[in-house]
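Some notes on the structure that comes next.
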Amino acid sequence: MSDKYLGQPLVRKEDPRLLRGDGRYLDDLGHDALAAAFVRSPVAHARILDIDVSDALDVDGLVAVYTHEDLPDRIAEPLPLLIPHPDLTHPRTPHCLANGEVNHVGEAVVMVVATDRYLAEDAAERIVVTYEQLPPVVGIGAARAAERLVHEDVPGNVAARSVQVNGKGDAHQAIAAAPHRLTLDLEIERSASMPMEGKGVLARWDADDKTLRVHSSTQTSTSVRLAVAAKLGLPPDRVEVVTPDVGGGFGVKIVHPWPEEILVPWAAMTLGRDVKWAEDRREHFISSAHERGQQQRIEVGFDGSGRLHGLSVEIWHDNGAYTPYGIIVPIVSSTQLLGPYKVGAYRVEFTSLYTNTVMVTPYRGAGRPQGVFAMERTMDAIAEYLGLDRLAVREANLIQPEEMPYDQGLVFQDGRPLIYDSGDYPKMLRMIRELVGWDGFEAEREAAAAEGRRIGIGVAAYVEGTGMGPYEGAHVKVETTGEVVVSAGLTTQGQGHYTTLAQIAADQLGVAVADVTVVTGDTRRFKYAVGTFASRAIVTSGNAVAVAAGKVAEKAKRVAAAALGGGVEPGELELVDGLVRHRDDHTVSIDLRTVAVLSNPLRYAFDEAAKAATQFASVSSSGEEPGLEATGYYMPERSTFAAGAHGVVVETDPETADIRILRYCVVHDCGVVVNPRIVEGQVHGGVAQGVGGALYERIVYDEAGQLVNASYMDFLIPFATEVPQITTAHMVTASGLNPLGLKGAGEAGVIPTSAAIASAIEDAERLTIRRMPISPSELYELRKGRVHA
């Protein structure tokens, strides 16, 4: 293996095609397919008394109308609980089409299929559903009060209650015995991921050979394949799932199967025609998934230096109407809350609650922004209470490099121990101190004040579990043209996999990155994989590609040694610049593409290159199986832990309370960096979403459970003008848990942003912030009461 490409900031291979407009997204496919549309509930909680489809039958072009009663038994059952957990005592999952009751606005009630989408929508509008409305439960407060129930068989609206302790003593006793104590009540409001492309499904059934091909805009094609096969009663090998170009995922597309991923293929099988559905923007708002909504109470005990003696956290999590993805989000919040710190005795309890709102599943960051907000607000509160520098309090609690690996004494979301594999957190804070200009900021503040301006500085640190299992795999093949084809089971939504995985394969095989083609998300090419989520792709798939390419390299040496003869041993050979050559005598060499030809002994010559592999021309056989190719898997022992710190300077307008970011700095450690340019792009994109979550984006329901801002006119997303220039510094503490030393990077930018911006606004305004996001109007009102509560 060389390191010619690993660590190089190569331009992404995938971009030219996309910039030319040659991308192929779900809605670019299936132009001749029938189109599906859905009648969705206009109310948050109701019994379905009647569905009258008679008027729809008059629409020319109508092909079929389906309600729950029309579905076969296997499909009529509730959708699967993807991640069971012993503390999830009352899981509830939706039906593909509502079965007698709806539990949130947007729940699918009727499926309509027509010759085009316009006609399908016309028919859907004519269907009359009669509802008996039930009192809705909206918001965490209403769910906790439990005066109304979302599901009548779920006591107190409680889906799950979970407690973890870190085994370092009784947290309540440690807090009570500490010299100083504080209690904080915090809240992060509900938000949602907003990929440019919504969900979408296209299905084709081949009745002759009984095969089903599904195109889905998903983050996990292999898992969709298994889910569709199970629900439709098909052998998995008769189902193919292909993920075309995907216009963003951010977590919402890791959920599977969505009702549409079952209903559209079933309709295609039933009707014997291709069927397609593409989600519109309002559908995405009201029927996909949300996240972030969480209330948190923190009790902390500490000494005069700010060192924590004990920490007790209680979390109330709004999981919406259903829990198909289990309780992953609050598990992540409760464990990643600890960040880079030693907190003494720790106890965390979370309660996951049902509400009559869209279900909650992971959105980029997946519970970490809430956890980091809790920990970093606590650090700032301690500093304010003691009159100490905010960074000094953090430094007093940092895990030291010599303490790695550090066991936090908890169980992480992968079911494995929460053990930090590597990191240098004191260096990380020193770097962010310098990068954001912490030590010279008071002079900057005074100069701004002299101009009538109000500025503040904030910081937040985090640790992020990445690279979780159970596994990923890859197949690597050297074609007789010299081209290398890498097939990975994961999907890609803009992460740069076609470049980073090519860099890893190119180094293993001694070829140019331009000669490596990466294919993802196609179960025809690779059937066994897990998916793209939780900042895991480069760790798991990157190492799987290295394993597979390494096998190919070793095979190439054996085949080449047999071809070269003269007593050359495989161990004396190396792969460099498309050649397999002797380490000491570079004149002894053979093209890798020739080795690919020789690896497949032939009886027939199809072209000039093939002649070399026929029985009368072939050199002595190496005794290998045909083909210069191999499959490799990587199965992590446990998660790797990336880390970082963000520093931000904001200006708040004294009159209008407008909040403007003047400077944003990031220090990030994702282990060995495969491509710094791509990592910076991931960080910048994450920060942009983090800025949205801190200052603009929130999902707002009224008391009736109506989503009142389900459009881009009302749901605010930051423009380029609101996203600051970002200064990034990389630090590297390689992971010892995988051969390449990698950690994940995909979610890092979004995780501490709300906490850092809250810290900066608080510093500028000299008031207390306990809830995010915050708008100028809220800041204006805050100035009157001095507390954001």
Environment charge at V329 (Cβ cut-off 9 Å; Lys +1, Arg +1, Asp -1, Glu -1): 0
Heavy atoms of Y696 accessible to a 1.4 Å probe, total area in Å² rounded to 10: 60
Whole-angstrom gap from the range 728-764 to the range 442-487, using each part's C-alpha centre: 6
Distance histogram for the range 322-471 (every C-alpha pair counted, 10 angstrom bins, percent rounded to whole numbers): 9, 33, 31, 18, 8, 1
Debye equation applied to the C-alpha atoms of the range 473-538, log10 I(q)/I(0) at 0.20, 0.27 Å⁻¹: -0.75, -1.22
Environment charge at R677 (Cβ cut-off 14 Å; Lys +1, Arg +1, Asp -1, Glu -1): -1
Residue-averaged 222 nm ellipticity for the chain, from DSSP H runs of 4+ at -39500 (n - 2.57), nearest 500: -8000 deg cm²/dmol
Accessible heavy-atom area order of T220, T656, highest first, probe of 1.4 Å: T656, T220
Pairs of Cα atoms farther than 38 Å apart, the chain, %: 44
Peptides ranked, highest mean first, by Cβ atoms within 10 Å: ranges 309-319, 417-427: 309-319, 417-427
Gyration tensor (Cα) of the range 497-590, equivalent ellipsoid semi-axes in angstrom: 31, 13, 11
Solvent-accessible area per residue for the chain (1.4 angstrom probe, square angstrom): 37
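So, counting K/R as plus one and D/E as minus one, what does the shell of residues with Cβ under 15 Å around K477 add up to?
Neighbour charge sum, excluding K477 itself: -3.
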Protection-proxy order for peptides 771-777, 80-86, 320-326, each taking the mean of Cβ atoms within 10 Å per residue, highest first: 320-326, 771-777, 80-86
Gap separating the Cα centres of the range 191-209 and the range 50-114, nearest whole Å: 17
Apportionment of accessible area to carbon and sulfur, the chain, percent (1.4 Å): 50
Mean shadow area of the range 469-634, taken as a quarter of the surface of its Cα convex hull (nm²): 10.1
Packing rank of 166-172, 482-488, where each peptide gets the mean count of other beta carbons within 10 Å, highest leading: 482-488, 166-172
Per residue convex hull volume, Cα atoms of the range 637-770, in Å³: 159
Over the chain, relative contact order from alpha-carbon pairs under 8 Å, at least 6 apart, %: 15
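The values are calculated or read from the model by the stated rules, or taken from the named source; none is laboratory data. Note that this is a predicted model, so its numbers are computed, not measured. Heads up, the Cβs are rebuilt from the backbone with ideal geometry, glycines too, and the neighbour counts pull from every protein chain shown. The protein model used for the area step is the full one, side chains on, heavy atoms only, and it has no ligands, DNA or RNA in it. Shrake-Rupley method; radii C 1.70, N 1.55, O 1.52, S 1.80 Å.
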